[in-house]
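Notes to accompany the following structure.
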Amino acid sequence: METLCDHVVDDLLLPPLTKPEAGGTEDCVPVRVEFRVTFLHIGVVNTVNGYVNMKVFVHYYWRDPRVKDLKDPNWKKIWYPKPTISNSADKLNVVENPPALVRADDDLLRGEFIAEGEILNPIDLRNFPFDYDDVQLNIDTFQFAQDVNELSMHPMELYASDDTFYSSLGFANWFDPRTVMTEWVMMNLEMMRKELEYDMTVPQIQVQFYILRHASYYITKIVTLLLGASVLSYSAAFMDIFDDYTDRMNFIATMFLATSALLYVVASDLPKVPYLTILDRVTMTTFLFIFMLGIESFTLRIISLIGEMNQDDVSRWDKMIVGMLCGSFTLAILLLVIIPWSVHRKKMARAPRTKQDIILGDGGVIDTVIETVVLNSDQQL
């Protein structure tokens, strides 16, 4: 059993620091707190407004021999870790249970709380709909002067037992992210230790999971229809610029209006962001291609009417320019859609087959590397 440092024995408001092992440093050893996070639900992933709706059950364990023999501990006058979710939005409801001994014959204590609501989650949508997201849940404790010299935060390890948990991460029995998160695929789930360096160095537990978007909806409902309208516009090359000029221009105008109507219908499904996504680029490329067909037809018709070029030369240039436009559009779609979609599908093929594989696959506990984040003076912890 570890021995408490002398100055904390009688002061229950101080963290239960322990004496170092023989031959160690003279400084007291910080309190070790281990965490278990269980996901009860993950709801809406709002990529535009930057939040994720979720419900988690957080358990944390630490040792304090000072409260072992207290019959009715007053936790307002006794130190305990008081962890909180630091990257929560305003709409986060937290229900906390008071700490309690895990076993009557031991000094191991358990604290727990359930948090439900929105977690801040900014995301770059430039690759939409082939985008991915790295969702983070940050657990900190912001008590006065509680830095890494007084508190160390860890995934479940030393305190793992039949009375606690054997793993640091888990899902509720009724929750399966593979079926509930219909628009996303969760690839992994991991927990890691971090340290935030400000005026003092503060410990942090970070739980994060990597998700990929199901792009099939946007491919079948939007991209395929856009490409279909563009491919139909290829047939303008087979309309004579002299004999079928009116029909050709009417056809191009119809394709332009049909594409505009499609975008009006699906506008609610598209993210409204101040930069261009991949889907925006595909849309602009489609409009540009159809518009250039109309400009090409109009320009060559004017050239022929003013007598700058005979009909045979105009027809030859017409076929050449339309062919170049069609080839350029095909190349653009290959770069914007076909290749990114192929890469995205390969990533999706590596998705875990069970929810347990999400934790045991590419994820799990990362407790060997501590990342130090240096905050500027104008940033908040």
Item to check | Of all residues making up the stretch 306-341, the number that are surrounded by 13 or more Cβ atoms within 10 Å (Cβ to Cβ) and not in a helix (DSSP H, G or I) | outcome: 1
Next on the checklist: Looking at the structure I just gave you, is PHE298 crowded, with 16+ Cβ neighbours inside 10 Å, over 24 Å from TRP341 (Cα atoms) and of a type in the set (A, V, I, L, M, F, W, C)?
Outcome noted: no
Item to check | Criterion violated by ALA236 - all others in (1) within 22 Å of THR330 (Cβ to Cβ); (2) open to solvent by 50 Å² or more (accessible area, probe 1.4 Å) satisfied | outcome: (2)
Next on the checklist: Suppose we filter the stretch 1-50 for residues that are polar (S, T, N, Q), under 30 Å from SER88 (Cα atoms) and either in contact with a Leu (Cβ under 8 Å, 6 or more places away or on another chain) or modelled with pLDDT of 90 or more (or both); how many remain?
Outcome noted: 2
Next on the checklist: Against the condition within 20 Å of ILE321 (Cβ to Cβ) and assigned to a helix (DSSP H, G or I), how does LEU279 come out, does it pass?
Outcome noted: no
Next on the checklist: I need the full set of residues from the stretch 78-104 which are in contact with a strand residue (DSSP E or B) (Cβ under 7 Å, 6 or more places away or on another chain) and among the basic types (Lys, Arg), in order please.
Outcome noted: LYS91
Checklist entry - Listed residues VAL266, VAL207; which is out of contact with any helix residue (DSSP H, G or I) (no Cβ under 9 Å at 6 or more places or on another chain) and open to solvent by less than 20 Å² (accessible area, probe 1.4 Å)? => result VAL207
Checklist outcome for this item: Apart from one, (1) surrounded by 15 or more Cβ atoms within 10 Å (Cβ to Cβ); (2) hydroxyl-bearing (Ser, Thr, Tyr); (3) free of Cβ contacts under 8 Å to residues at least 12 places away in the same chain all hold for THR286; the odd one out is (3)
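The values are calculated or read from the model by the stated rules, or taken from the named source; none is laboratory data. Fair warning: this is a prediction, and the values are worked out from it, not measured in the lab. Glycine gets a Cβ as well: all are built from the backbone with ideal geometry, and neighbour counts include every protein chain shown. Each accessible area value is taken on the protein alone, full model and side chains, heavy atoms only, with ligands, DNA and RNA left out. Shrake-Rupley method; radii C 1.70, N 1.55, O 1.52, S 1.80 Å.
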